[in-house]
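Structure, as structure tokens:
The values are calculated or read from the model by the stated rules, or taken from the named source; none is laboratory data. Values in this document were obtained by computation on a predicted structure and should not be read as measured data. A quick note on method: Cβ atoms are made from the backbone with ideal geometry, for glycine too, and the neighbour counts reach across all protein chains shown. Surface areas here come from the heavy atoms of the whole protein model, side chains and all, with no ligands, DNA or RNA. Shrake-Rupley method; radii C 1.70, N 1.55, O 1.52, S 1.80 Å.
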Amino acid sequence: MSALVVMKDIEKSFPGVRALHNAQLELRSGEVHALMGENGAGKSTLMKILSGIYRRDGGEILLDGKPVEITSPRQAQELGIGIIHQELSLMPHLTAAQNIFIGREPRRGMGILLDEARLNAQAAEIFASMHLKLDPRTPVERLTIARQQMVEIAKALSHRSRVLIMDEPTAALNDAEINELFAIIARLKAEGVGIVYISHKMDELKRIADRVTVMRDGEYIGTVPAAETPVEKIIAMMVGRALSDERATIADHAESPVVLEVRGLRRGNEIRDVGFSVRKGEILGFAGLMGAGRTEVARAIFGADRIDAGEVFMHGRKVDIRKPQDAVRAGIGYLSEDRKHFGLATGMDVRNNVVMASLSRFTGTGGLLKEAAMHEAAVRYIDQLAIKTPSDRQEARLLSGGNQQKIVIAKWLLRDCEVLIFDEPTRGIDVGAKNEIYKLLNALAGQGRAIIVISSELPEILRLSHRIAVMCEGRLTGILPGGASQEEIMHLATLRGDALNDNEKRKPAKGAPK
Amino acid sequence: MSATVSTSNVSSGRRFSGAQHRLLAFGSLIALIVVFSLASPNFLQTSNIIAILQATSVNGVLAIAATLVIITGGIDLSVGTLMTFCAVIAGVVLTFWGMPLPLGVLAAILAGAASGLVSGTFIAELKIPPFIATLGMMLILKGLSLVISGTRPIYFNSTPGFTEISQGSLIGAVIPSLPIPNGVLILFLVAAAASFILERTILGRFTFALGSNEEAVRLSGVNTDRWKIAVYALAGGICGIAGLLIASRLNSAQPALGQGYELDAIAAVVIGGTSLSGGRGTIIGTLIGALIMSVLANGLRILSVAQEWQTVVTGLIIILAVYTDILRRRGL
């Protein structure tokens, strides 16, 4: 196989930060090349250079052996380099076909009128080549995230891309959808498209990648064949050290007092009569497929969304939670799955994000802020949680995903919440930082906090949880003891209610508090 | 990763870039002053400088109110007609009812704050987009001013001290060589107070936080609605001060005046480097922005450039200011 793209000695700096140094990548046609590294290792930066979003400061890019200057995303497209971003960049109100051909619509009537029929036909053609059943006239906002991703891929293919860059394409997909995506990747591969695949999920790499290039701190570490190289070695290359994967013995909390109890939570079709309890020092895992209603339950408890019915008790006392501020006052903290949109004020600095939920504590007479005390608190948590930041005045958006997550955790620790709800705490976080977050969660439970962890990654649930609540289609289908098998969880996660008479006929097995 | 981050550079990153823009705006102001003073010997005379400052006072105070709202990611189109409304209220209290001066001042400021409270409530509680809510308030206040005043100006001849609010000079009384009018003094006091609130108080912190990521603030358990209403109310109160300034300068409340002032205020805010998408901005920048506008107007008038062309130049300056801001951010 010939080298389709060679990136040699790529250098890139941003003000105050050297993002890439001696970065290398060689992509062959017809291969899936995984690009791995911890968050902040420079993977996305390197790919943004290849796709014309950033200009490189130094180094060389060869396409088919010939040096090329890629100066804009448009030029990258013309060279046959397509990128599918981590955050989908579609226009939700336009149809799938309109999205794919935006700015390149077929015209008629001397180029004045849009030829909508031809537009849809061309989109349908691309979907057919992907073996994808999708009506090109569907507005994108009505598609699932997975389908939207397919539209992005179709858009890249419509440019006749020979190089396709996928940045964490499966982050928001469930297993069935991932299979669909992998089938399409396999077809593209067979047609000679070179695919750069960025992901944190080791099992995926083993399934689809041919070779793996590892980066660390903006530098090239090495390229290894995916199949023969043990996962531990890849991880060691990424973090620069070996990782322990210890599994603590599961603590039994049956005797501990119940901190949070939820009864009869309902909201439309999303939450159907959910009830459970969490004890002091316990980690309760929430497993389930995408759309099972776990995040909805968390947001409902936290008062972020309205509920139809349901009661929440703290230490046996009923609390009335209508807004997030009620929940916080009751001692419940919620770490959202989407840090950028809901968890962090990314334009503000570390200090202000840490104190955000406790600002009134740092307010003196006349509303005056006590900056010195805020600084002290921020620095304390920067040390305690080992947040990697040059100072507490650093803007949150400039930190890596793992460190951003730690800031959100610090925010709730400072607020002294007894119940912490973690929604996908390690999404988009690299392996090394994941372990740190796990340790942190265990330590928090050890301090006597009651913790709820929502995760779509079963190994994560199994590793952390003292008990495992499983949801399916808005129902709590069961609560398993820690150490349950993946099969048991999947069984409950797919235990669908009878669609016709759902409420009365079958009562879901509820994990009643002991 | 952070291993390659040099501490000194990054820790001051945001403040530096903000300072950079302010420096640019300040540089433009100086450049304008130099050009005009070379073009006309009259420009740098004390009386002219005082005239420029006096002309800045009303727009400057309004722009400060607009800055607060714009930093939250909102907009307030009602500042101009609210200013007039507050002036009319002062007229009612002082001239119609014959109350003492301090009560008139208080009434104007409270009327402004109350109006801001209403706008803020529309926006925060009823979720009406700020543009629409304040557009509605703009018209409501304009209409109310005309109704209350009976469409006629209200003169303050019965309240002798009233013109002193803007035109007297407390500084001049102490230092006779420095006859800076009270209107200018009030502008700088309001700027200092607003700057202090923004940088040092919890209200200011939430002003920035709301503009930066409102949902993150809400999910932190903060009553975002209440803080947002508070910002609009504060801005309204500042508009009340502007109303007193303009009424004092004209020795009358002119009910038909006001519309159009909101756009000048927003222009000053934008020239001063405050982002219309919220989350960043400074009072000092707005002050410079307002000064640039009045220096430009004054200088062009001295050079006998027609008023029509002054408007064209102001438009170009706004576009230029925003473009330099975009260039600066692209460079980051």
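No other residue among A:Asp349, A:Asp383, A:Asp392, A:Asp416 is among the acidic types (Asp, Glu), within 10 Å of chain B (Cβ to nearest Cβ) and over 21 Å from B:Glu214 (Cβ atoms) apart from A:Asp392. Hey, does segment A:366-388 have a residue that's in contact (Cβ under 8 Å) with a residue 40 or more places away in the chain, open to solvent by less than 40 Å² (accessible area, probe 1.4 Å) and within 24 Å of the chain's Cα centre (by Cα)? Within segment A:366-388, one or more residues are in contact (Cβ under 8 Å) with a residue 40 or more places away in the chain, open to solvent by less than 40 Å² (accessible area, probe 1.4 Å) and within 24 Å of the chain's Cα centre (by Cα). Considering segment B:214-249, the residues that are assigned to a helix (DSSP H, G or I) and free of Cβ contacts under 8 Å to residues at least 12 places away in the same chain include one that is surrounded by the fewest Cβ atoms within 10 Å (Cβ to Cβ), namely B:Glu215. Among the residues of segment B:275-320, those that are touching a Lys or Arg at 6+ places or on another chain (Cβ under 7 Å) and either open to solvent by 20 Å² or more (accessible area, probe 1.4 Å) or part of a loop (DSSP other than H, G, I, E, B) (or both) comprise B:Thr282, B:Ile284.
When segment A:246-260 is filtered for residues that are modelled with pLDDT of 90 or more and open to solvent by 40 Å² or more (accessible area, probe 1.4 Å), the ones remaining, listed by number, are A:Pro257, A:Val258. Across segment B:185-213, the qualifying residues are those that are hydroxyl-bearing (Ser, Thr, Tyr) and open to solvent by less than 30 Å² (accessible area, probe 1.4 Å), and the one among them that is nearest to the other protein chains (Cβ to nearest Cβ) is B:Thr201.
Hey, could you check segment A:428-441 for residues that are open to solvent by 10 Å² or more (accessible area, probe 1.4 Å) and in contact with a helix residue (DSSP H, G or I) (Cβ under 8 Å, 6 or more places away or on another chain) and say which is nearest to A:Ala304 (Cα to Cα)? Reasoning before the result, please.
Restricting attention to segment A:428-441, the residues satisfying the condition of being open to solvent by 10 Å² or more (accessible area, probe 1.4 Å) are A:428, A:431, A:433-436, A:438-440.
So of that shortlist, the ones also in contact with a helix residue (DSSP H, G or I) (Cβ under 8 Å, 6 or more places away or on another chain) come out as A:428, A:431, A:433-434, A:436, A:438, A:440.
Details: A:Gly428: 23, A:Val431: 30, A:Ala433: 28, A:Lys434: 27, A:Glu436: 28, A:Tyr438: 26, A:Leu440: 25 Å.
Checking each candidate, the answer is A:Gly428.
When segment A:21-50 is examined, which residues are found to be modelled with pLDDT of 90 or more and open to solvent by less than 10 Å² (accessible area, probe 1.4 Å)? A:Ala23, A:Leu25, A:Leu27, A:Glu31, A:Val32, A:His33, A:Ala34, A:Leu35, A:Leu46, A:Met47, A:Ile49, A:Leu50 - these are the residues of segment A:21-50 that are modelled with pLDDT of 90 or more and open to solvent by less than 10 Å² (accessible area, probe 1.4 Å).
Name every residue in segment A:321-337 that is part of a loop (DSSP other than H, G, I, E, B) and at the interface with chain B (Cβ under 9 Å from one of its Cβ atoms), in order of residue number.
Filtering segment A:321-337 down to residues part of a loop (DSSP other than H, G, I, E, B) leaves A:321-323, A:331, A:336-337.
Once the filter is applied, which keeps residues that are part of a loop (DSSP other than H, G, I, E, B) and at the interface with chain B (Cβ under 9 Å from one of its Cβ atoms), segment A:321-337 yields A:Lys323, A:Ser336.
Scan segment A:109-126 and give yes if some residue there is open to solvent by 80 Å² or more (accessible area, probe 1.4 Å), within 30 Å of A:Ile429 (Cα to Cα) and not basic (Lys, Arg), otherwise no. Checked segment A:109-126: no residue is open to solvent by 80 Å² or more (accessible area, probe 1.4 Å), within 30 Å of A:Ile429 (Cα to Cα) and not basic (Lys, Arg).
Going through (1) within 11 Å of another protein chain (Cβ to nearest Cβ); (2) touching a residue at least 12 places away in the same chain (Cβ under 8 Å) one by one, A:Ile283 falls short only on (1).
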